[in-house]
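Undergrad: Could you have a look at this structure, given as structure tokens, before my questions?
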Amino acid sequence: MTAVTGQQGTDRDDTDRRAWDELLARRTHALGGGEITAILSLAGATDVITFSGGFPEPATFSTGVLADTAARLIATEPEVVLQYSATEGLPGIREYVSGRLAAAEGRAPGAGELMITSGGIDCMELLAKSYVDPGDVVVAESPTYLGALMAFRGYQAGMRGVPVDDGGMRVEALADLLAGGLRPKIVYTIPDYQNPTGLSMTTDRRQALADLARRYGFLILEDVAYRELGFGAAPPPSLWSLAPDVTVQAGTFSKIFSPGFRMGWAAGPAEVISRLVVAKQNSDQCAGALGQRMVEEYGRGGHLDRQIATARTLYERRAGLTTRALAAHMPDGVTWTTPAGGFFTWLTCPEGVDTVALSAAARAEKVAYVPGRPFCLQDTGAGTETGTNQIRLAYSRVADDLIAEGIRRIAGVIKSAL
Ligand SMILES: Cc1ncc(COP(=O)(O)O)c(C=O)c1O
């Protein structure tokens, strides 16, 4: 380790940092992680129009109801809400989530098939911790959600990407990889209004993916973070409802309730859920009890359904404002997806445009986006995008009256690179 004694001021800080990095685990070195930090660092900027983070619109939070509920729960059941809970979650919220799943998916989890997690990312982390050895293959859509990539990479998974088109993950490309000998332990997918493309998987592909899982013996990890935020008709059946024997569904209340409570669920085969419960016992032990009771009370009071209905209308309006502004301002050769739900649209610029390099110019214009590269799995041999000339735009938290101006600025930055 580098000696740090006798150093002063900023020199000393730099030396300290280098010294501690020398102690990092090899798996952490490989992880990077700067991308999510960069996204979150702009979260509080007030003078930048930011299309970067997948944040819900704060106006959807019912602050009055939440404040009253929290005060009541703390006053009336402190021994529950201020205490540790069972690792699999309190019985009340598990019964509530089970009922929601039964109503929405036509299937209730059986005994031991459901647990409460600390948000969606917790489920991915617990699954990776329990099932992934260094070098094990995990397949994901490319592009996909950065947090999931981080979770699997954190356990040194060998990530392989499968391309996405208007029908979601190209399951036939996965079938080719499997026929060629690829043997993943887990296939991670976001079938509804995917992050970052906004695209969804067709029913036929869901069925085909379930068939492949049974044939080749891998587990499907279905991330339903945006499933309830569709703008029109209900999405196709969930993978968990089609194939509960081979699917773990990772659900989250972050996008439909509030990310501040860090609440989610995992539904899947009892044998798998029991492993995740053991893994949670030695991570955070349990999701926060106050949050669990808040979700349950808010939900049983009908507030969650009302919030979701309002949120859908709001995000649909913002998606429309975004795609109309893109059509008005983007130069020829730029294309984008038209989301039918969720928070995102995915832009493709002409070949040769480097959206990482352009993000500095965007910052100078006081607008922010996330470049496509970190979402993509490189060199997978399955014809996936590299993300170099792509951009993810999150319209979910941009005020209506700033969307067109923000898009106009991004279009100006792209034009300057052509
Ligand atoms: C696809 C997807 N899954 C999961 C999450 C994580 O959500 P949570 O806040 O529940 O950990 C996100 C958040 O951005 C997401 O986009």
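Undergrad: Looking at segment 299-318, can you tell me whether even one residue there is within 19 Å of the chain's Cα centre (by Cα), under 22 Å from residue 144 (Cβ atoms), within 15 Å of the ligand (Cβ to nearest atom) and buried (at least 20 other Cβ atoms within 10 Å of the Cβ)?
TA: Within segment 299-318, one or more residues are within 19 Å of the chain's Cα centre (by Cα), under 22 Å from residue 144 (Cβ atoms), within 15 Å of the ligand (Cβ to nearest atom) and buried (at least 20 other Cβ atoms within 10 Å of the Cβ).
Undergrad: I would also like to ask the following. Among what's in segment 36-60 and is in a loop (DSSP other than H, G, I, E, B) and away from the ligand (no atom under 16 Å from the Cβ), pick the residue that is modelled with the highest pLDDT.
TA: Selected residue: 48.
Undergrad: Let me ask another. Can you run down the residue pairs with Cβ atoms below 8 Å, 6 or more apart or on separate chains, where the first is in segment 74-102 and over 17 Å from residue 286 (Cα atoms) and the partner is surrounded by fewer than 19 Cβ atoms within 10 Å (Cβ to Cβ) and among the basic types (Lys, Arg)?
TA: Listed pairs, sorted by first residue: 96/300; 101/107.
Undergrad: Could you grab me the full set of residues in segment 273-290 that are in contact with a helix residue (DSSP H, G or I) (Cβ under 8 Å, 6 or more places away or on another chain) and farther than 16 Å from residue 81 by Cβ?
TA: 275, 276, 278, 279, 280, 283, 284, listed by residue number.
Undergrad: Can you give me the number of residues within segment 216-230 that are more than 14 Å from the ligand (Cβ to nearest atom) and hydrophobic (A, V, I, L, M, F, W, C)?
TA: 3
Undergrad: Residue by residue through segment 141-188, note down the ones that are among the acidic types (Asp, Glu) and surrounded by fewer than 19 Cβ atoms within 10 Å (Cβ to Cβ).
TA: Across segment 141-188, the qualifying residues are 165, 166, 172, 176.
Undergrad: Same structure again: Yes or no: residue 323 away from the ligand (no atom under 16 Å from the Cβ), farther than 21 Å from residue 417 by Cα and at pLDDT 95 or above?
TA: Criteria met by residue 323.
Undergrad: Applying the selection to segment 267-291, what residues are over 18 Å from residue 249 (Cβ atoms), more than 14 Å from the ligand (Cβ to nearest atom) and not in a loop (DSSP other than H, G, I, E, B)?
TA: Of everything in segment 267-291, those that are over 18 Å from residue 249 (Cβ atoms), more than 14 Å from the ligand (Cβ to nearest atom) and not in a loop (DSSP other than H, G, I, E, B) turn out to be 278, 281, 289, 290.
Undergrad: How many of the residues making up segment 221-266 are assigned to a loop (DSSP other than H, G, I, E, B) and either more than 12 Å from the chain's Cα centre (by Cα) or within 21 Å of residue 138 (Cα to Cα) (or both)?
TA: 21
Undergrad: Sticking with this one: Would it be correct to say that residue 82 is within 16 Å of the ligand (Cβ to nearest atom) and either surrounded by 15 or more Cβ atoms within 10 Å (Cβ to Cβ) or in the same structural domain as residue 250 (by TED's automatic domain parsing) (or both)?
TA: no
Undergrad: I'd like the full set of residues that are within 21 Å of residue 29 (Cβ to Cβ) and surrounded by 19 or more Cβ atoms within 10 Å (Cβ to Cβ), limited to segment 126-140.
TA: 128, 132, 138
Undergrad: Taking the stated definitions as given, is residue 285 at positive phi and in the same structural domain as residue 192 (by TED's automatic domain parsing)?
TA: yes
Undergrad: Sort through 106, 135 and tell me the only one that's small (Gly, Ala, Ser) and in contact with a Gly (Cβ under 8 Å, 6 or more places away or on another chain).
TA: 135
Undergrad: Would you confirm, using the coordinates I've provided, whether residue 327 is of a type in the set (A, V, I, L, M), without any contact (Cβ under 8 Å) to a residue 60 or more places away in the chain and over 13 Å from residue 395 (Cα atoms)?
TA: Criteria met by residue 327.
Undergrad: Still on this structure, please answer the following. Is there a residue in segment 111-125 that is surrounded by fewer than 18 Cβ atoms within 10 Å (Cβ to Cβ) and either within 22 Å of residue 234 (Cβ to Cβ) or touching a residue at least 12 places away in the same chain (Cβ under 8 Å) (or both)?
TA: Checked against the condition, which is being surrounded by fewer than 18 Cβ atoms within 10 Å (Cβ to Cβ) and either within 22 Å of residue 234 (Cβ to Cβ) or touching a residue at least 12 places away in the same chain (Cβ under 8 Å) (or both), segment 111-125 yields at least one hit.
Undergrad: Report yes if some residue within segment 349-363 is outside the structural domain of residue 163 (by TED's automatic domain parsing), part of a loop (DSSP other than H, G, I, E, B), crowded, with 17+ Cβ neighbours inside 10 Å and touching a residue at least 40 places away in the same chain (Cβ under 8 Å); otherwise report no.
TA: Scanning segment 349-363, I find at least one residue that is outside the structural domain of residue 163 (by TED's automatic domain parsing), part of a loop (DSSP other than H, G, I, E, B), crowded, with 17+ Cβ neighbours inside 10 Å and touching a residue at least 40 places away in the same chain (Cβ under 8 Å), so the answer is yes.
Undergrad: In the set 259, 244, which member is within 16 Å of the ligand (Cβ to nearest atom), modelled with pLDDT of 95 or more and either hydrophobic (A, V, I, L, M, F, W, C) or at negative phi (or both)?
TA: Just a single option satisfies the conditions, and that option is 259.
Undergrad: When the residues of segment 326-359 are filtered to those that are among the small types (Gly, Ala, Ser) and more than 25 Å from the chain's Cα centre (by Cα), which remaining residue is modelled with the lowest pLDDT?
TA: Only one residue tops the list, namely 352.
Undergrad: Residues in segment 236-253: is at least one touching a Ser or Thr at 6+ places or on another chain (Cβ under 6 Å), in the same structural domain as residue 137 (by TED's automatic domain parsing) and either surrounded by fewer than 24 Cβ atoms within 10 Å (Cβ to Cβ) or aromatic (Phe, Trp, Tyr) (or both)?
TA: yes
Undergrad: Follow-up. Test of understanding: among 233, 213, which residue is within 28 Å of residue 176 (Cβ to Cβ) and either within 15 Å of the ligand (Cβ to nearest atom) or among the aliphatic types (A, V, I, L, M) (or both)?
TA: Within the list 233, 213, the selection yields 213.
The values are calculated or read from the model by the stated rules, or taken from the named source; none is laboratory data. The structure displayed is predicted, hence computed values, not measured ones. Virtual Cβ from ideal backbone geometry, glycine too; neighbours counted across all protein chains shown.
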